[in-house]
1. From largest to smallest, what semi-axes in whole angstrom does region A:216-327 give when each is the square root of 5 times an eigenvalue of its alpha carbon gyration tensor?
2. Give me the angle, in degrees from 0 to 90, between the Cα long axis of helix B:2-14 and the longest principal axis of the Cα atoms of chain B, rounded to the nearest 10.
3. Separation between the B:Leu4 and A:Glu267 pseudo-spin-labels, each 7 Å from Cα along Cα→Cβ, expressed in nm?
4. State the extension gain, in nm to one decimal, for the chain segment bounded by A:Ser72 and A:Glu98, taking 0.36 nm per residue of separation less the distance between their alpha-carbons.
5. Using Cα-Cα distances under 8 Å and only pairs 6 or more residues apart, what relative contact order does chain B have, in percent?
6. So between A:Arg133 and A:Arg342, what do we pick up on full extension, going 0.36 nm a residue minus the alpha carbon distance?
7. Which entries of A:Lys123/B:Lys29; A:Lys103/B:Lys71; A:Lys103/B:Lys59; A:Lys32/A:Lys118; A:Lys32/B:Lys35 show an alpha-carbon separation above 32 angstrom in the structure shown?
8. Taking the radius of gyration and the Kirkwood hydrodynamic radius from Cα positions alone, what is the Rg/Rh ratio for region B:142-184, to two decimal places?
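Derivation of every value follows stated rules applied to the coordinates shown; laboratory data play no part. These numbers were taken from a predicted model, which means no experiment stands behind them. In this analysis, Cβ positions are derived from the backbone assuming ideal geometry, glycine residues included, and neighbour counts consider all displayed protein chains.
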Amino acid sequence: MEDEEESLSTSNPNQPNSDSDSETLDPALQKKHASMLERLANRHQTRLDSSLTRRSAESDSSSSPSFESTSSFLSHFADSKSSIEAQLAQCRLTPTSESAELKTRLDGISSSISDLEKFVAEKSYFLPSYEVRSSLKVISDLKQSLDSLSSELIPKKKFSFKNKAVKKNPVIDSKKEEEKEKAVEKIGKPEKIGFAIRESPGFRNKTGEVLVSQIKGSEVGEFTISDLDSCEVRLLGCIRVLFIHRLRNCKVYVGPVMGSILIEEVEGSVFVMASHQIRIHNAKASDFYLRVRSRPIIEDSSSVRFAPYCLSYEGIDGDLKEASLIEETGNWANVDDFRWLRAVQSPNWSILPENDRVGTVEITNSDS
Amino acid sequence: MGLLSIIRKIKKKEKEMRILMVGLDNSGKTTIVLKINGEDTSVISPTLGFNIKTITYQKYTLNIWDVGGQKTIRSYWRNYFEQTDGLVWVVDSSDLRRLDDCRMELDNLLKEERLSGASLLILANKQDIKGALTPGEIAKVLNLEAMDKTRHWEIVGCSAYTGEGLLEGFDWLVQDIASRIYVLD
């Protein structure tokens, strides 16, 4: 028997023998496509015809086969609906203190609702559109009552997510809202504290200082420079990622960054930096001396000027090589302004005229 | 209904999936797409607009829409919501300061009705960087446990730089979408 089959299939190898095997052949695939389209159209026509005749048969005798009939759908739908409603009511009447048990019960209801939804979707092709719409309405009502039930029974978890939507809804009474706000606070606070402890290496909250860091090898991943006023920052060595946030009147000199630099809210500052990617947001009246492998971008910035990288320290060439930033790509001048999506030059940035540029900046890791 | 059911069946035949990649800027969306496709990731500019990639993955064809994440263009995300089978939300796990922004944008996205049926994969990217939060911590910050119970979601730690975790994440996504759409196979 098996032999016979094999010989059969090898006797005409050109003919696609199963669905998936033929997909590599392009013309064959197209042919199949066309034929499938035809078949589908035919099938749809016959289905339409048969459902028409069935419907007329239904009207005079209600003994139509259960397969693909509206009335059988409706009765099945009604059964499921009342069973879900019963489960919901039971959950509401006999609240359990055990949250785990409650959760499994609610999850069970939720899955039976989605089963019902799937059932409607499967049968939707033969149902009158009114029935589809009304069934979907029933399902969304069921979902809503499940939602409100679960937020009643397991309050804390639901709240912080729903908070916004609830605020917009004026129908909710104020007492409930107050409770929710409290719950949000409860959830929100410990998180923040938890992350404040784990601060990444960096310089923060300083005024009028010279801040120097000598970075060795790949010990440092991310580095953060934030909330500085009138400071000079020197980073010698390679880092992976640099975050810069809220600087005023600062000078920032950094060695190669192997990943990306993200700059936000800086004013009146000078940056000398090399990186694979540079994004500049909310910068005002600042100069950027850059070497970038890709195109630097600015967003919501004004009066920012660009020039090529000009930093030097002992061993910088080795670091630049290690970070694949030894080559000058010229991308420092290819700035994309996300607030200026036109062909003409953006008014927000310009190239720093050569005689306004600082010369090569030499930095060492001493404080002088 | 007739045409729609035909289209549906053709889609089923070709096993196509439409996947939308979104997330804040600098989270690594484009790098992930290129890495998965085995392309060079050494020079990638911030995405001005969007990229589309068609990738054959297992026996499926993935149409991946990688949409730029800069603030200015986030409002255009909604133009890509229609008919999305899978949603990939990419998080920069090393960017602690903007995690609140990240949560807010994700919350807004999940309210969107047109995305309500899409499977959600959260990629906690940049796990290779020292100081990055673990996927578990990211899940807590984004409050994923409180998500609508009907949503299919998964969080996976990954590094677009080394490629670690990417296949695991996409395996889950493709399997989940397949089990929803192509149950009959």
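1. 21, 14, 13
2. On a 0 to 90 degree scale, this one is about 60.
3. Inter-label distance under the simple model: 5.5 nm.
4. Once the chain is fully extended between A:Ser72 and A:Glu98, it gains 5.5 nm.
5. Relative contact order for chain B comes out at 22 percent.
6. Numbers: separation 209, 0.36 × 209 = 75.24 nm, distance 4.57 nm.
Result: 70.7 nm gained on full extension.
7. A:Lys123/B:Lys29; A:Lys103/B:Lys71; A:Lys103/B:Lys59; A:Lys32/B:Lys35
8. 1.06
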